[in-house]
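All remarks here apply to the structure that follows.
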Amino acid sequence: MQYNDSALAQEVSGRVREFMDDVVIPAERDLEPGTVVSDSVLADLREQAREYDVYAPQISEEYGGMGLEFRDVLPAFEQAGRSILGAPAMRVDAPDEGNMHTFEMLGTKEQKDKWLRPLVAGDIHSGFAMTEPIQGGGSDPKMLKTKAEKDGDEWVVNGHKWWTTNGSDASILIVMARTDFDAHPYQGASLILVPIDTPGVEVVRDIPHTGGGVIGTIHSEIKFNDVRVPEENLLGTENMGFKHAQQRLGPARLTHCMRFSGMAQRSLDVAKAYISEREAFGGPVAEKQGPRFAIAEHETKLHAVKTMVRHAAWQVSEGDEARIPVSMCKVFAANVAQEAIDTALQFCGANGMGKDLPISDFYEEVRQFRIVDGADEVHKRVIARNAFDEIDPEEISTVTRFDG
């Protein structure tokens, strides 16, 4: 399919595709099934990403990236999603990708030099500590309970977070905390930078979870007990944490959409190759109408996803928050990707369940997409609220009402 991508976006996406085909996917195939990729392999992949000139395309050149505009990096993210190793190889992997964007957007020069540079280089990891255990902030972020209070020239953080991706492996945490309890949470929360080795930071555990096995993804439960950090560890503007989170999450949701679109497309490519060779009931499975029509439907929906994301990305690039289009992209892409990968696994049968092919890892990985960065139900609520914002009673003026 041809999209209205710039010449630069097409050029970079083409280089990423070559990098994936020549380097990343062969490395994926060489990985012993069921094992976690080693740090040395990832380091080698990152070095080769630099050689292919596809490393950190979303970050400014000043801090070690390529300096591409947001719209121009999305096709590259799609290509990176074709292997679970692609995103970390190119340093476009969540949550570091979103956190790097947050540092670049909000950080002081000192914060960028201290945290952004090593993040881009891949020398450290970061975590975005927002979600809290029941009954704290989660799908309803207004329930946020973690607090940060001023004491002289320090912030004192107390609270309880979990599902902080990279948590125990992170060097720096971006902590969402209430800083004004007299204000509505949306006007009374801030982002506080907390180094993981700060006294009072307690990593309770790494939570067992579905997916993430190939790259050893960690989701941690963390408690903050009278954690003291300097006042200059405020990231962005005081009491504007929720606005800043939306500035982070909007683009991050779209990059998720493109990475998982690439994963879904690769799943279909694997399935098409498999059923073209696999024979049953008198011929190749690919010649049966059922599988062909199913593939056609998934290809159509993936095309719609890619078109929707580009439209939303254009609005974001123009300075619009694009909250409704982003929510539409997120909920639609998540379900389309999950359905495509599920079908691909089904068509590959036992080979789909096994680890010789990448589909079973994709299957475990994609399920989270309907929850992370806003569950389906949250995004549908946002879309529905907008849909019902303006009702025209004249549309049903001809309906007969009870009169008695």
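The values are calculated or read from the model by the stated rules, or taken from the named source; none is laboratory data. Just so you know, these numbers come straight off a predicted model, no measurement behind them. In this analysis, Cβ positions are derived from the backbone assuming ideal geometry, glycine residues included, and neighbour counts consider all displayed protein chains. SASA here: full protein model, heavy atoms, side chains in, ligands and nucleic acids out. Shrake-Rupley method; radii C 1.70, N 1.55, O 1.52, S 1.80 Å.
Structure summary
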read-out: Residue ID - least open to solvent (accessible area, probe 1.4 Å), chosen from residues in the range 72-85 that are among the aliphatic types (A, V, I, L, M) and assigned to a loop (DSSP other than H, G, I, E, B); value: Leu85
read-out: Residues that are in a loop (DSSP other than H, G, I, E, B), open to solvent by 20 Å² or more (accessible area, probe 1.4 Å) and β-branched (Val, Ile, Thr), drawn from the range 13-71; value: Thr35, Val36
read-out: Total residues in the range 364-385, condition touching a residue at least 24 places away in the same chain (Cβ under 8 Å), more than 16 Å from the chain's Cα centre (by Cα) and open to solvent by 80 Å² or more (accessible area, probe 1.4 Å); value: 2
read-out: Condition met for Glu390 (out of contact with any helix residue (DSSP H, G or I) (no Cβ under 8 Å at 6 or more places or on another chain), open to solvent by 80 Å² or more (accessible area, probe 1.4 Å), more than 30 Å from Thr164 (Cβ to Cβ) and not in a helix (DSSP H, G or I)); value: yes
read-out: Residue check for Val203: buried (at least 20 other Cβ atoms within 10 Å of the Cβ) and modelled with pLDDT of 95 or more; value: no
read-out: Filtered residues of the range 216-258 (kept if open to solvent by less than 20 Å² (accessible area, probe 1.4 Å), assigned to a strand (DSSP E or B) and under 20 Å from Pro185 (Cα atoms)); value: Phe224, Leu235
read-out: Members of the range 24-38 that are modelled with pLDDT of 95 or more and either under 21 Å from the mean Cα position of the chain (by Cα) or at positive phi (or both); value: Val24, Ile25, Glu28, Val36, Val37
read-out: Residues that are over 13 Å from the mean Cα position of the chain (by Cα) and either basic (Lys, Arg) or at negative phi (or both), drawn from the range 239-261; value: Met240, Gly241, Phe242, Lys243, His244, Ala245, Gln246, Gln247
read-out: Evaluation of Gln111 against (1) in a helix (DSSP H, G or I); (2) over 15 Å from Val229 (Cα atoms) (one fails), failing number; value: (2)
read-out: Filter result for Gln10 (touching a Pro at 6+ places or on another chain (Cβ under 8 Å) and not hydrophobic (A, V, I, L, M, F, W, C)); value: yes
read-out: Test: residue in the range 152-169 that is over 15 Å from Lys223 (Cβ atoms) and of a type in the set (A, V, I, L, M); value: no
read-out: Cross-chain or 6+ apart pairs with Cβ under 8 Å, the range 320-347 first and outside any helix (DSSP H, G or I), then open to solvent by less than 40 Å² (accessible area, probe 1.4 Å); value: Glu321/Gly250; Ala322/Gly250; Ala322/Ala312; Ala322/Gln315; Ala322/Val316
read-out: Residue in the range 86-94 that is closer than 18 Å to Gly250 by Cα, in contact with a strand residue (DSSP E or B) (Cβ under 6 Å, 6 or more places away or on another chain) and hydrophobic (A, V, I, L, M, F, W, C) present; value: no
read-out: Residues of the range 155-191 satisfying the condition of being more than 23 Å from the chain's Cα centre (by Cα), among the aliphatic types (A, V, I, L, M) and not in a strand (DSSP E or B); value: Ala183
read-out: Selection from the range 123-132 of residues that are touching a strand residue (DSSP E or B) at 6+ places or on another chain (Cβ under 8 Å) and surrounded by 19 or more Cβ atoms within 10 Å (Cβ to Cβ); value: Ser126, Gly127, Phe128, Ala129, Met130, Thr131, Glu132
read-out: Among the candidates Val120, Val194, residue that is open to solvent by less than 30 Å² (accessible area, probe 1.4 Å), at pLDDT 95 or above, closer than 30 Å to Ser60 by Cα and under 19 Å from the mean Cα position of the chain (by Cα); value: Val120
read-out: Candidates Leu268, Leu302, filtered to the one that is closer than 30 Å to Asp389 by Cα and open to solvent by less than 30 Å² (accessible area, probe 1.4 Å); value: Leu302
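Each row is one residue, and each column tells you yes or no for (1) under 27 Å from Leu45 (Cα atoms); (2) hydrophobic (A, V, I, L, M, F, W, C).
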residue	(1), (2)
Phe103	yes, yes
Trp115	yes, yes
His125	yes, no
Pro133	no, no
Ser139	no, no
Met143	no, yes
Glu154	no, no
Asn166	yes, no
Asp169	yes, no
